[in-house]
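Each remark here refers to the structure printed beneath this line.
The values are calculated or read from the model by the stated rules, or taken from the named source; none is laboratory data. Being a predicted model, the structure only gives us computed values, none of them experimental. FYI the Cβ positions are ideal-geometry reconstructions off the backbone, even for glycines, and counts take in every protein chain you see.
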Amino acid sequence: MKPASGVVKGCLALLLSIAPTGALPFEVVNTQEIAFGAIVSGPLGGTVTVTPAGSRSCSVSLTCLAQSPAHPARFTVSGDPSMNFVISLPLTATLSDGAGNTMLIDNFEDSLGGTGMFNTLGQASFTVGGTLNVEPGQAASGYSGSFTVTVMYQ
């Protein structure tokens, strides 16, 4: 069977909460898209997980192809120096190949465990991983989509 690949593209989003009085506004920049790499789908389907640290694993019914690297999404955030912030991730996101075939991403996880703190320059960064759900006999194609990351002052 041909490899099926899934790459989330354009995964940048920003939602501002009401900031404390005098707090600086946020700037959130997506510096790297999440990529699950090329996989070979089997008759049973399965999952591909990319962790926030960058490791990739395929369930036993799938094959992760080594020549196609995977990586988490990367974000940089700027805001009020030394302020705490909260990261909110979606429950799911859908990838599409543009021809009617889709895959679901779930189990999103960020590298900061949901909370972070801006450094003294008002900067921070984090990565986001997730689990790609591959259906039995998933169509071989390039898949893309987006997901929303929300960052708010704590």
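Whenever a residue of region 43-61 is closer than 16 Å to Leu112 by Cα, its partners that are charged (D, E, K, R), lying with C-beta atoms within less than 7 angstrom and at least six residues away or across chains, give the pairs Val50/Arg56; Pro52/Glu109; Pro52/Asp110. Screening Asp110, Asp106, Asp80 for residues that are surrounded by fewer than 18 Cβ atoms within 10 Å (Cβ to Cβ) and closer than 13 Å to Val151 by Cβ leaves exactly one candidate, Asp80. Counting only strands (runs of 3 or more DSSP E) that sit completely within region 1-63, those holding 1 or more residues that are among the aliphatic types (A, V, I, L, M) and modelled with pLDDT of 95 or more correspond to 46-50. Scanning region 66-83 for residues that are of a type in the set (S, T, N, Q) and not in a strand (DSSP E or B) gives Gln67, Ser68, Ser82.
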